[in-house]
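Here the structure is laid out as structure tokens; the discussion comes afterwards.
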Amino acid sequence: MISLLVVIVLSFLSNFAVAQTPQTFWPSGVPLLVKSPYLNAWLPTRNNSNPLPPGVWPNFWTGSRILGWAGFVRVDGANYFWLGQTGPGNATVLTNTVITPTRSIFTVQAGPLELNITFFSPIEPGDLALQSFPFAYYYIDLASTDGQSHSVQLYSDISGEWASNNDASLLQWNTISNAVAVYHQFSRSASQSMQEVNNIAEDGTMYIGMAMRPGLTWQTGTDVDLRNLFNATGTLQNQQDVRFRPISKDGKDWPVFAIAVDLGTVQTISQPVVWTIGLVRDPSVTVNEGGNMTQRSSLYWTRWPKIDDGISNFLQDFPQAQQRANNLDSKIMNQALATPNTADLVSLGLRQVMAASEITVSKMSNGTFNMSDIGIFTKDVGFSRRTNPVEVAYASLPAILYLNYSIAKFVLKPILEFHSRHLSSVSFAMSDLGSSFPVSVPVISPSEIRGVEDTGSMLIMVLAHAMYSGDGSLIAQHYPLLKKWADYLVGNVFGPAGQRTSDASGVSTGQDAVNLAIKGIIGVKAMSKISEAFNQSQDAEQYNNHTTDLFTQWRAQAFQGGHLVSSFKDPSLGGVIYNLYADKLLRLNLVDDSVYQGQAAFYQDLVAKSSGKAGIPLVTGGETGRVDWSMLAAASVNNTITRNSMITLVHDHAGNNSTQGGLGFASTFVVETGRTTGPASASLGSMFSILALDLPSQNIIIPPPASEAPNEQIASSHRGLSKGSIAGIVIGLLILLAFVVAGFLFWRRRRLTRESPGALENATFEPFSLTGPENVGRVPVFSGDSRMLTPVHPPTSTVFSSFPPSSSGDETSRRETEMLRTDVQELRREMERMRLAVEPPPEY
């Protein structure tokens with residue numbers, strides 16, 4: 001199985017050899033380059049067998065658009081193809097496949113050579129600008145298997161099919177060659193901004209490139225001509241084809257963009273041969289903000305205003321990117337392997353979670369980027385063109401929290417801000433921000449059919465972000481909105497009639513009122529915790545009391561026959577009550593153990609009855625199953641055997657491609673046949689549901705509400721002042737605060753030194769910088785790595801390390817040290833509140 005190979009591969013990834021083990025896990029598609037909603041290439045598999053890279057064309061995630069992409073290796077004058085359906089020469093022989101969270105690795109045999117071909121889509125949770133860069137790598141390591149040296153040349157090209165869904169589209173192209181890199185770029189001659197056809201972007205510019213190296217040659221031309229030229233000579237001619245033409249005419253004359261490398265006579269190579277492919281669009285999304293259509297750009301433009309610089313940096317950064325990926329893969333896999341079959345699931349799903357979104361930034365009126373306005377806009381890949389669907393954000397939350405708690409803030413921010421600014425008359429959360437991604441045009445008068453579902457999800461996600469990141473800024477900025485949503489839930493948890501939860505089509509059968517109601521009740525409880533963090537004790541008590549009353553009613557009606565039913569009206573219906581997961585994630589302890597135990601026994605019975613089927617249905621007797629909701633339900637189960645049985649069902653379905661309906665790791669399927677009904681959804685972040693439960697929570701630091709923040713007071717009381725004057729006042733306040741704190745600490749230190757000289761000897765401070773040189777020009781960059789990443793700028797729960805007791809053992813000294821520790825911690829909290837309050841006011 002792939003998961004059994006991952007540990008070996010990660011341990012020896014810098015070497016060539018990969019241990020051979022028979023495989024049984026064959027998903028419907030293997031991710032190749034999966035970096036954005038539009039740079040999304042997969043390799044189809046078939047009938048539970050090898051995906052055969054040298055025999056199948058890569059496809060777009062829909063499975064309905066071939067992406068022309070060929071790869072060849074020439075060994076001692078003999079040609080072999082390692083990617084693509086046909087070509088001059090012989091096919092290489094696939095001997096192994098390994099999938100990690102960031103890479104898909106194929107081992108193939110080409111005569112006396114063995115090649116590792118790695119398709120690498122970087123996941124950069126510690127650097128959102130880098131994560132937003134829409135490029136990926138593919139690279140080759142090789143070694144001879146006969147102990148001899150051989151003449152070796154490598155070749156790869158991509159076709160114009162990547163630039164448009166329509167083969168009749170006229171293309172234009174160019175090749176750039178400099179001291180750092182060579183790359184081809186091509187696009188439609190008549191770009192159609194913000195348009196897509198069959199999910200393919202019609203406004204993108206494609207790139208294929210390589211860092212400059214000895215033996216590199218390039219060329220643009222017709223597919224047959226270039227591939228035959230390489231087959232005959234092992235090299236290209238560094239020439240541009242100047243005859244711009246359509247992607248194809250009558251299935252012929254395909255323009256392709258090729259790069260080759262002559263490695264000379266080698267037995268092995270010390271460094272891999274690396275290509276990059278990217279798809280650039282600008283702007284990346286358009287948002288309707290109260291009638292004004294605002295264009296937003298990808299965040300990477302703030303670092304690389306010229307795409308040439310971005311490509312050069314990306315290619316030069318490959319060794320470091322590879323090491324970061326090794327670290328991330330190792331951390332994820334080491335934890336995932338603790339639960340059977342989970343490693344395969346997180347490896348298959350993570351890239352498509354991260355690739356569903358555009359990380360964006362807006363511009364100010366003077367044309368400069370507004371770094372305080374970063375937002376993530378997600379496409380409902382696989383189901384629709386909806387923008388920021390709430391149920392997808394909810395399902396993907398475990399993966400997002402695991403990678404970096406703070407990413408959740410930028411996912412939630414666009415939804416919260418639109419509601420606060422433009423939907424003051426609507427008491428519940430909308431389901432999305434529009435239905436025509438990449439253009440976001442929210443419906444101002446949304447249907448209430450999913451009011452409880454989406455409102456509960458939003459409150460749960462806001463609290464989850466705050467408690468795991470320690471950043472209470474979303475709560476401070478949107479508390480009135482959150483309170484309005486909670487009041488809606490209090491009155492609507494058990495009605496009105498027609499409320500639904502979500503499935504692939506947007507609504508369910510209507511039989512899952514029990515699951516829906518507990519989502520709403522947990523949302524009310526989350527509001528109690530939000531109010532507590534916001535120091536609104538009366539609100540916190542009120543919502544806690546509401547929770548108690550609502551849960552008492554819910555349990556009395558929902559827990560029947562030793563388990564939870566699905567419908568209050570029909571006790572014979574059971575179901576997958578996946579919304580219990582939020583109780584576990586938020587650590588509320590709202591649902592008692594007897595309910596969890598009863599539900600575990602019920603799920604185990606469902607698993608036993610699922611023999612011969614693709615999984616368990618959402619509702620007893622239903623036709624539809626969902627792997628995302630099944631994973632959330634499994635993670636909420638206390639019984640390890642039951643949990644593992646449920647995960648095994650998900651794994652077996654994901655690894656059975658004999659009846660799949662499309663590419664990607666699909667969330668929704670027909671229980672009887674296993675046929676998928678919607679591929680590649682970002683909701684597969686739920687595969688991280690078990691891992692997310694082990695994340696450490698933080699103390700939530702709340703800045704003052706906007707109406708009470710010092711910067712707002714300054715802005716309102718000095719409206720006649722210039723922006724520069726206001727900024728000077730703000731800076732002056734910060735300087736004054738620094739002097740006050742420094743003076744206090746100096747006085748306190750002198751006092752303790754006189755009274756107890758040893759009290760400070762062992763006190764240690766953890767460095768903390770908000771404006772250090774390492775952060776200049778790299779906003780937002782996060783410190784640390786993998787799931788423990790914390791933001792540099794958003795507040796964290798710990799700034800100073802704890803004071804150890806004095807080694808003198810003197811009781812007076814110990815008390816003084818404890819006093820100092822308390823004072824410093826209190827100062828730290830106050831400084832953090834002041835720092836968060838002193839932000840540039842909206843007028844800037």
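Can you find even one residue in the range 53-70 that is surrounded by 24 or more Cβ atoms within 10 Å (Cβ to Cβ) and either polar (S, T, N, Q) or at pLDDT below 80 (or both)? Yes, the range 53-70 has at least one match.
Among the residues here, Gly625 does not qualify as assigned to a loop (DSSP other than H, G, I, E, B) and buried (at least 22 other Cβ atoms within 10 Å of the Cβ). Of a type in the set (S, T, N, Q), in contact (Cβ under 8 Å) with a residue 40 or more places away in the chain and on the phi > 0 side of the Ramachandran plot, is that true of Asn341? Yes. Here the condition is being surrounded by fewer than 23 Cβ atoms within 10 Å (Cβ to Cβ), assigned by TED's automatic domain parsing to the domain that holds Gln542 and at pLDDT 95 or above; of Ser505, Ser473, it holds for Ser473 alone.
The residues of the range 587-609 that are in contact with a helix residue (DSSP H, G or I) (Cβ under 6 Å, 6 or more places away or on another chain) and of a type outside the set (Phe, Trp, Tyr), listed by number, are Leu588, Leu590, Val591, Ala600, Gln604, Val607. I'd like to know if the range 282-291 contains one or more residues that are assigned by TED's automatic domain parsing to the domain that holds Leu130 and out of contact with any strand residue (DSSP E or B) (no Cβ under 8 Å at 6 or more places or on another chain). Checking the range 282-291: not a single residue is assigned by TED's automatic domain parsing to the domain that holds Leu130 and out of contact with any strand residue (DSSP E or B) (no Cβ under 8 Å at 6 or more places or on another chain).
Considering the range 331-440, the qualifying helices (runs of 4 or more DSSP H), each wholly inside and each with 3 or more residues that are of a type in the set (S, T, N, Q), run over 342-354.
Number of residues in the range 352-382 that are buried (at least 24 other Cβ atoms within 10 Å of the Cβ) and more than 22 Å from Lys409 (Cβ to Cβ): the value is 1. Consider the range 396-421 and keep the residues that are at pLDDT below 95 and farther than 22 Å from Glu289 by Cβ. The one that is surrounded by the most Cβ atoms within 10 Å (Cβ to Cβ) is Tyr405. Restricted to strands (runs of 3 or more DSSP E) entirely inside the range 59-140, those with at least 1 residues that are within 21 Å of the chain's Cα centre (by Cα) and small (Gly, Ala, Ser) are 103-110. Whether any residue in the range 107-117 is small (Gly, Ala, Ser) and surrounded by fewer than 23 Cβ atoms within 10 Å (Cβ to Cβ) is what I want to check. Yes. Given the condition closer than 17 Å to Ile140 by Cβ and not aromatic (Phe, Trp, Tyr), answer yes or no: does some residue in the range 158-167 qualify? Yes - at least one qualifying residue is present in the range 158-167. Just so you know, in the range 476-502 the residues that are in a loop (DSSP other than H, G, I, E, B) and among the hydrophobic types (A, V, I, L, M, F, W, C) include one that is modelled with the highest pLDDT, and it is Val493. State whether one or more residues within the range 295-316 are of a type in the set (D, E, K, R), in contact (Cβ under 8 Å) with a residue 12 or more places away in the chain and under 30 Å from Trp26 (Cβ atoms). For the range 295-316, residues of a type in the set (D, E, K, R), in contact (Cβ under 8 Å) with a residue 12 or more places away in the chain and under 30 Å from Trp26 (Cβ atoms): absent.
If you check Arg500, Arg421 for being under 30 Å from Phe568 (Cβ atoms) and of a type in the set (Lys, Arg), only one passes: Arg500.
None of Leu489, Leu459 is buried (at least 24 other Cβ atoms within 10 Å of the Cβ), of a type in the set (A, V, I, L, M, F, W, C) and within 22 Å of the chain's Cα centre (by Cα) except Leu459. Criterion applied to Phe568, Phe534 was being of a type in the set (A, V, I, L, M, F, W, C), out of contact with any Pro (no Cβ under 9 Å at 6 or more places or on another chain) and either at negative phi or buried (at least 19 other Cβ atoms within 10 Å of the Cβ) (or both), and the one residue passing it is Phe568.
When each of Asp262, Asp282 is tested for being under 38 Å from the mean Cα position of the chain (by Cα) and closer than 30 Å to Gln131 by Cβ, the lone residue that passes is Asp282. Checked against (1) in a helix (DSSP H, G or I); (2) touching a Lys or Arg at 6+ places or on another chain (Cβ under 7 Å), Thr648 passes all but condition (2). Restricting attention to the range 211-248, the residues that are in contact with a helix residue (DSSP H, G or I) (Cβ under 7 Å, 6 or more places away or on another chain) and under 30 Å from His150 (Cβ atoms) add up to 3.
The values are calculated or read from the model by the stated rules, or taken from the named source; none is laboratory data. Keep in mind the model is a prediction, meaning the values are calculated, not measured. Note that we place each Cβ from the backbone using ideal geometry, even for glycine, and neighbour counts take in every protein chain shown.
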